[in-house]
Amino acid sequence: MKIVSKNDIGGTVVNDTDVYTIQDNVFGNNLTLSSTFLRANQKTTGHSHEGQEEVYMFISGEGEMQVDDNRFKVAKDDIILIEDGEFHRVYNTGHLGLYFICVFDGGRNH
């Protein structure tokens, strides 16, 4: 068993740029808990992955998310389920940071 805080998931910083800071914490054999702090007026590169589902949980801030051809608002406490193969991207449309956590099965392939 592992206990972490939604505000600090622990693990390893895997990317730290002017756009975002991403931190991954690997659980057990297959699960990865990842946090992203997306800086103001930035967006993720967007990606899809075959054979991998993902859950996004928005912790603070507000912005928009694109899943395939649908773009919609997201904010604190929203949870988005990404199905196998769906393209997804997050946009921070605000002036503050947008912080979200993702859970996915398997290693990072994006």
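The values are calculated or read from the model by the stated rules, or taken from the named source; none is laboratory data. If you're wondering where the values come from, they're calculated on a predicted model, not measured in any experiment. FYI the Cβ positions are ideal-geometry reconstructions off the backbone, even for glycines, and counts take in every protein chain you see.
Hey, among the residues in the stretch 19-31 that are in contact with a Lys or Arg (Cβ under 7 Å, 6 or more places away or on another chain) and surrounded by fewer than 19 Cβ atoms within 10 Å (Cβ to Cβ), which one's farthest from Val90 (Cα to Cα)?
Phe27
Is it the case that the stretch 39-53 has a residue that's surrounded by 15 or more Cβ atoms within 10 Å (Cβ to Cβ), at pLDDT 95 or above, in contact with a Leu (Cβ under 9 Å, 6 or more places away or on another chain) and closer than 24 Å to Gly106 by Cβ?
yes
Which one is nearest to Val55 (Cα to Cα), of the residues in the stretch 3-25 that are in contact (Cβ under 8 Å) with a residue 24 or more places away in the chain and in contact with a Gly (Cβ under 8 Å, 6 or more places away or on another chain)?
Top of the filtered list is Asp24.
Scan the stretch 13-37 residue by residue and report those that are at pLDDT 95 or above and in a loop (DSSP other than H, G, I, E, B).
Thr17, Asp18, Val19
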